[in-house]
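What follows draws every value from the coordinates through simple rules; no lab data is involved. Every value quoted in this text rests on a predicted model; they were computed, and no experiment measured them. We place every Cβ from the backbone using ideal geometry, glycine too, and count neighbours over all the protein chains shown.
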Amino acid sequence: MKRSSLFSLCIYLAVALPATLAAEVTFASLIGEMLDRDSIARWPSPEFTCHQASSYDRRSISKDKDGWFANDDFSGRIRTETRDGRKEEVLMEDDGPGCLVRFWMTTDSTKPDGGVLRFYLDGAEQPALSFPAFDLLSTDLKLPLAFLTPHPGYAPNGLGGSTMMLPIPYAKSCKVTWEEKSAGKRYFQINYRRYAKGSVVRSFTSQALEAARPVLEKASEQLLHPADESASPATTGNFTLAPDAEKTIELPPGPSALRFIRFKLDSSGSDGLDHALRSLIVRIRFDDEETVWCPASDFFASAVGVNAMNNWHNTATPDGTMTSRWVMPYEKTGSITLQNLGTATVSGSLQSGTSPWKWDGRSMHFHTAWHSEAGMRTPPVREWNFARISGRGVYAGDTLALFNEVPTWYGEGDEKITVDGETFPSHFGTGTEDYYGYSFAPRLNMQTPWANLTRVDDPQTLGHNIMSRSRSLDGIPFRESLDFDLELMSWAPTRLGYAATARWYAFPGNKSLHPPDPTSATARIPTLEDARREPAGFPGVIDAESQEIIASTPGLVHETQDMRVFGIGLWSRGKQLLVRGTKVGDFITLQVPAPDAKPHELFITATRARDYGILRFTVNGQTSKNSFDGYAPDVVPAERLSLGSFTPVDGRYRIKVQVSGANPDSKDYRYYLGIDSFQIE
């Protein structure tokens, strides 16, 4: 599609001037840069570093200190200062030249109109922008949708939020403050560029915004409804690939740029579509270096199966057609290879388009790396490495495909991105959903030019959840290295599988910590039905909740409790017998069948928790020498405990479990007890 002359002018202002002329950074040039996919494929001129101010919990000081995983991520501020008799909390400040490029925030239904948000530029006493609430949608700024997007579920008087992508350049300094007039949890992330000293930046003004409104409206339409880049006549090829077969398409000689790749799998064979798309690998070489190794579904940001998505760089439609619009320049040679690692023959089509590229010292190659890990338990809270890159380049975006085995929110974990060996992350986030541009999860699907939530199998996040972020003005340049960790932290214990796709541009010699991973790419993909299926019992155990209760304290409440919320695979069948004791002496007697008439050693596996009591046991009227203290600060399965050796009576063991006391540290009810299983040996 040809671009209008208006957009061409913006793009010309943004990138076309030679670096030696030190082109001025203006509001118009930044809009042009957003619309120009070529810009992120060149090392920035003028140079800048990218940073993030956020409300992360300030108890997080260092990896080697307590508080690194502190989670009051609404509380962080730089300081509080007094201005004209009012107290203003400083959310972000920077000495210029620079530019705000992304502002993500939440609203709070407690009292959303209780304060004033102000943007001060270049040391001015009066703000360049102000908002009468902790809500970017609270004024008549009237930005088009691509530049100010409400989060799913947003309501002015409810829990929600918005993301502003409007660039706000400043020549000398920027300070963002919040004057609190009520109370509420104020979460925010502010991404900003810090240009090299001496860069010429023209500061944002309301007059510049008003003059640019026609440009913004048209730019928003283009961002929301992206078209393929102009390219030479497309190369189209059909393919049929047997297991272990591959097909390579050679691109025209360079210097050129791959402008789009369109892909569709028509037949997935006996493997099924999801597995076929994951085990079909996209490999791309530029100038004798393989820079892309990625499963097809993840390369096109669909991740698991076909999921409708539409952002500035990727589109997937319900019929299975997937398009990448990432610009991929090369100096001399380029090729695309499809490799079938699956066990069935697959067929489909691949279309690509190229156009000339002016190769220079700022030109970079496009990279994609993918890796996956399944069965990760949380707690304990830990950091999982999303991407680790050495060399020089610009981080451009990513896709996270995760599988959650428990119906609980998984995404309390913050992103921590360190650049060039920083001792503290220059990007310290406030939650996984915040990084991906929505808030107060769980939420349903979201499509924006820069952030997408494309699959949510279950409203409580059970099963597959897929999200993507494409960086625009918030791309992160790095000269030596970039390290991206994501905390694993959930509301309740769960087990997660993560598949991460990282995208960046870089100069030759760049390396990723995560090499090709064919084992994970060909592993079975779990389903929502797997997550909903009742866990299997442990081998060789007798589940307590399945046994006959033959006696108990009158009125004593007992029930089968689902323990999956406290950890997958920790209790047999994911359940236990919960007894709600209220005092010392409460008891319950279970009847357990014996395998024969001989004496056997009996074992019990019980649960510990903060409100569980001390227990004693009798078997067929004989008192066990061992007791059990059920207290622990968290809900955990205990090691099995021997009750002793006993001879069955009438082919059964009658096991009486009685509350004999409470640990001094126990809380709340104190006399509860939980039994998972018995073993007879």
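Here are a few things to note about the model shown:
- Taking the fewest neighbouring Cβ atoms within 10 Å as the starting point, the ordered list for Phe603, Phe403, Phe428 is Phe603, Phe428, Phe403.
- Relative contact order for the stretch 578-681: 46 percent, from Cα pairs under 8 Å spaced at least 6 residues apart, divided by residue count.
- Segments 667-677, 410-420 sorted - mean Cβ within 10 Å per residue, highest first: 410-420, 667-677
- Calculated P(r) of the stretch 235-358 - Cα pairs past 22 Å, %: 30
- The chain: radius of gyration over Cα atoms, expressed as a fraction of 2.2 N^0.38 Å: 1.12
- Residue ranges 649-655, 289-295 sort as 289-295, 649-655 when ordered by packing (mean number of other C-beta atoms within 10 Å per residue, highest first).
- Cβ-derived FRET efficiency at R0 51 Å, Ser546 paired with Ala245, nearest 0.05: 0.50
- Cα gyration tensor category, rounded, prolate or oblate, for the stretch 273-422 with a/c compared to 1.5: oblate
- Here is how the number arises for the chain: DSSP H runs of 4 or more residues each give -39500 (n - 2.57), the sum is divided by the residue count, and the result at 222 nm is -2000 deg cm²/dmol.
- Calculated FRET value between Leu528 and Thr317, using beta carbons and R₀ = 25 Å, to 0.05: 0.65
- Average silhouette area of the stretch 299-338, convex hull of alpha-carbon atoms, in square nanometres: 3.4
- Between Gln447 and Ala374, the modelled labels are 3.0 nm apart [label points 7 Å from Cα along Cα→Cβ].
- Computed from backbone phi with θ = phi - 60° and the Karplus coefficients 6.51, -1.76 and 1.60, the 3J(HN,Hα) list for the stretch 127-138 is x, 6, 9, 8, 10, x, 6, 7, 7, 5, 9, 8 Hz; x is used for glycine and proline.
- Modelled spin-label separation between Asp122 and Thr560, with each label point placed 7 Å from Cα along the Cα-to-Cβ direction: 7.1 nm.
- FRET efficiency, 1/(1 + (r/R0)^6) with R0 30 Å, evaluated for Asp420 and Asp64 via beta carbons: 0.90
- Applying 0.36 nm per residue to the separation of Asp458 and Ile78 and subtracting their alpha-carbon distance, the gain on full extension is 133.0 nm.
- Distance-filtered residues of the stretch 524-554 - backbone nitrogen under 13 Å, label point 7 angstrom along Arg640 Cα→Cβ: 538-544
- Across all directions, the average projected area of the convex hull around the alpha carbons of the stretch 542-680 is 7.7 nm².
- Under 26 Å from the Cα of Lys656 - lysines, other chains or at least 8 residues apart: Lys575, Lys583, Lys598, Lys625, Lys667
- Projected area averaged over orientations for the stretch 616-659, convex hull of C-alpha atoms, nm²: 3.7
- A straight Cα-to-Cα reach below 27 Å connects Lys511 with the lysines Lys63, Lys247, Lys332, Lys358, Lys416, residues fewer than 8 places away in its own chain not being considered.
- Acute angle (nearest 10 degrees) that the helix 213-224 long axis makes with the longest principal axis of the chain, alpha-carbon atoms: 50
- Listed by chain and number, the lysines placed with their C-alpha closer than 17 angstrom to that of Lys175 are Lys87; residues fewer than eight positions away on the same chain are left out.
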